[in-house]
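Structure record follows, encoded as structure tokens.
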Amino acid sequence: MATSMDLFRQLGAGAKFDLRRFKSDAEKFQVIRRTGKQLPQQDIIKALDIFGNSKRSSDETKENSKKKQKVSVGERSGTDNQDNLKGPGRPEKIKAIRKRNRIHVQGEDIPDPVETFEELQEEYGLHDDIIQNIMRVGYAAPTPIQMQAIPVLLHRRELLACAPTGSGKTAAFLLPILHQLKGPQKKGFRAVVVSPTRELSQQTYRELMRLSEGSGLRIHTIEHGAKAAQKFGPHTAQKFDILVTTPNRLVYLLQQDPPAIKLNHVEWLIIDESDKLFEEGKTGFRDQLGIIYQACDSSQVRRAMFSATFAYDVEQWCRLNLDNVVTVSIGARNTANDRIEQELIFVGSESGKLLAVRNLFSKGFTPPVLVFVQSKERAKELFQELIYDGYNVDVIHADKTQTQRDNIVKGFRAGKIWVLIATELMGRGIDFKGVNLVINYDFPTSAVSYIHRIGRTGRAGLKGRAVTFFTEDDAVHLRSIANVMRNAGCPVPDYMLQIRKLSKRKKKLVEKNPVRRDTIRTLPKDELRKAKRKT
DNA sequence: AAAAAAG
């Protein structure tokens, strides 16, 4: 176990996040397609064999890849049939659809995109109840990521997908899973969705419940490790179909002796916010993900990765370890959602931030507003400041109990909380309807973090606004965020783009050691300390 | 720095 874990970790080591690669994005796609950087089949087998000391025997692996080759041949003839049906000119039409929707694809024998849900029904026989659920929840037409990713997954192809914040990624993986699992079975879980926070897991779970109505599928989350062990253990009737969870809870169940959950019948492993879950290091998610990956040891298992940001090491990993992977990205990679109006405000100092935020609020604002800070401590401090200002403000971070967290999210969704102060906990995936302002009270430590944070606004085609405070101390990060803004068409002063670029080494260092900031405080020191203890 | 299991 330990050896394969180490290997899992090593796979991406040495591959660094390289911003230059994203700059000339269009060119890059073409270069890769022309030179066909696809790995030869032998290398894929070798790469798969890295996990040879796990339960999957190398014989099985070989047999598996033979089977997979057959599948892809079948798919090719399937596409030809489509061509015959639609007549000549079909490839041009497909190209045009992709171009119009900014869909970029890489890989072999990629299924055609579909522009309507009806087409999905006609060509793939998407179940009536799913179509009904789609209509009931109010999806009119597939978003670009759904147009391309859903057919790919319906063909049971492994996928790496990248699409802007708020552009419908969740439904893009939920719908094909629902279609393929059909109805309930008693094998144990057949699909697992992993996401980095409990709040995101809950949200995905709720969405899945809405979309699966009438299917009879049994969908679960892990709410309490010990209770879940009772529920899912080997001596139960295994009447479960889909599991939505954060990684560590699942790892906990897997590592019980005997394991309190079996994943040997999992047909779909979905890694949401994949770049986050691939994060390495003592405190990263990567080891946990490795354990889950290995536990899904069926020869039938298919995996799909989704995120709004694209990490080079995740791509490399997918090329090596997934079977004939398809890559789909919408628009240029690692760009902000372009429905968000972005703004940078120089505030001078910490006290300048308090003034600026009060000034912003005093001008009048439309709730709900989301305010991001850099640490739990600072979240508590800012809350102590704003609580007296007369708005309905609350604060969320991982020091709160789960019940508190649930209630705060509920309150914010219900409009009872106008201003929610949050750590990075709320940074990814969370879909609060109609957040029209995100304030980065503390400057995010990376462009990736910035893209996700501001992506809490401007969702599902709505407009959004993001305001980011910065002080002199934030100068090191200014350039990369200014770049993101400019790429999204937001005006940025030239001097920001001319700031000297950090070396890769230094950039990593700076990300790991965030700027030290003065306490947010107008109260006397000990009063603040007392107050913080209570929250 | 933050997040992720209970306890």
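Remarks
- Search result, residues across segment A:350-380 that are open to solvent by less than 20 Å² (accessible area, probe 1.4 Å) and within 16 Å of DNA strand B (Cβ to nearest atom): A:Leu370, A:Val371, A:Phe372, A:Val373, A:Arg378, A:Ala379
- Selection count, segment A:152-169, where residues are assigned to a helix (DSSP H, G or I) and surrounded by fewer than 22 Cβ atoms within 10 Å (Cβ to Cβ): 1
- Cβ-Cβ under 6 Å pairs, at least 6 apart or on other chains, segment A:501-529 side within 16 Å of A:Leu478 (Cα to Cα), far side away from DNA strand B (no atom under 13 Å from the Cβ): A:Lys504/A:Lys16; A:Val510/A:Val476; A:Val515/A:Asp473
- Selection of strands (runs of 3 or more DSSP E) fully inside segment A:226-340 by the criterion of at least 1 residues being farther than 17 Å from A:Glu158 by Cβ returns A:242-245, A:326-330.
- The C-beta contact set for segment A:421-438 (first residue basic (Lys, Arg), second residue open to solvent by 40 Å² or more (accessible area, probe 1.4 Å), distance under 7 angstrom, 6+ apart or interchain) comprises A:Arg428/A:Lys276.
- Residue check, A:Asp275 open to solvent by less than 30 Å² (accessible area, probe 1.4 Å), away from DNA strand B (no atom under 13 Å from the Cβ) and not assigned by TED's automatic domain parsing to the domain that holds A:Leu462: no
- Output for segment A:381-408, where each listed residue is farther than 19 Å from A:Lys433 by Cβ and near DNA strand B (Cβ under 10 Å from one of its atoms): A:His397, A:Ala398, A:Asp399, A:Lys400, A:Gln402
- Checking each residue in segment A:241-251 for being within 16 Å of DNA strand B (Cβ to nearest atom) and open to solvent by less than 30 Å² (accessible area, probe 1.4 Å) picks out A:Leu243, A:Val244, A:Thr245, A:Thr246, A:Pro247, A:Leu250, A:Val251.
- Options A:Gly281, A:Gly290: the member that is within 12 Å of DNA strand B (Cβ to nearest atom) and within 21 Å of the chain's Cα centre (by Cα): A:Gly281
- Filtering segment A:419-431 to residues that are under 23 Å from A:Phe361 (Cβ atoms) and either surrounded by fewer than 17 Cβ atoms within 10 Å (Cβ to Cβ) or within 15 Å of DNA strand B (Cβ to nearest atom) (or both) leaves A:Leu420, A:Ile421, A:Ala422, A:Thr423, A:Glu424, A:Leu425, A:Met426, A:Gly427, A:Ile430.
- Yes/no for A:Gln238 being touching a residue at least 40 places away in the same chain (Cβ under 8 Å) and either open to solvent by less than 50 Å² (accessible area, probe 1.4 Å) or near DNA strand B (Cβ under 8 Å from one of its atoms) (or both): yes
- Residue within segment A:312-335 that is within 16 Å of DNA strand B (Cβ to nearest atom), outside the structural domain of A:Glu527 (by TED's automatic domain parsing) and closer than 30 Å to A:Arg190 by Cβ present: yes
- Of all residues making up segment A:188-225, the number that are surrounded by 16 or more Cβ atoms within 10 Å (Cβ to Cβ), of a type outside the set (S, T, N, Q) and not in a loop (DSSP other than H, G, I, E, B): 13
- Subset of segment A:386-399 (residues that are crowded, with 21+ Cβ neighbours inside 10 Å and not hydrophobic (A, V, I, L, M, F, W, C)): A:Asp394, A:His397
- Being open to solvent by less than 100 Å² (accessible area, probe 1.4 Å) and within 14 Å of DNA strand B (Cβ to nearest atom) is a property that A:Ile520 has.
- Residues located in segment A:483-506, provided they are in a loop (DSSP other than H, G, I, E, B) and closer than 14 Å to A:Thr468 by Cα: A:Cys490, A:Pro491, A:Val492
- Enumeration of residues in segment A:466-482 that are assigned to a helix (DSSP H, G or I) and farther than 21 Å from A:Val435 by Cβ: A:Glu472, A:Asp473, A:Asp474, A:Ala475, A:Val476, A:His477, A:Leu478, A:Arg479, A:Ser480, A:Ala482
- Taking residues in segment A:216-231 that are farther than 19 Å from A:Gln185 by Cα, and partners anywhere that are among the small types (Gly, Ala, Ser) and not in a loop (DSSP other than H, G, I, E, B), the pairs with Cβ atoms closer than 9 Å and at least 6 places apart or on different chains are A:Ile222/A:Ser201; A:Ile222/A:Ala228.
- Just one of the listed residues (A:Tyr441, A:Tyr495) is hydroxyl-bearing (Ser, Thr, Tyr) and surrounded by fewer than 18 Cβ atoms within 10 Å (Cβ to Cβ), namely A:Tyr495.
The values are calculated or read from the model by the stated rules, or taken from the named source; none is laboratory data. The structure displayed is predicted, hence computed values, not measured ones. Cβ coordinates were reconstructed from backbone atoms using ideal geometry, including for glycine residues, and neighbour counts include every protein chain displayed. Please note that ligands, DNA and RNA were not included when accessible areas were found on the heavy atoms of the full protein model with its side chains. Shrake-Rupley method; radii C 1.70, N 1.55, O 1.52, S 1.80 Å.
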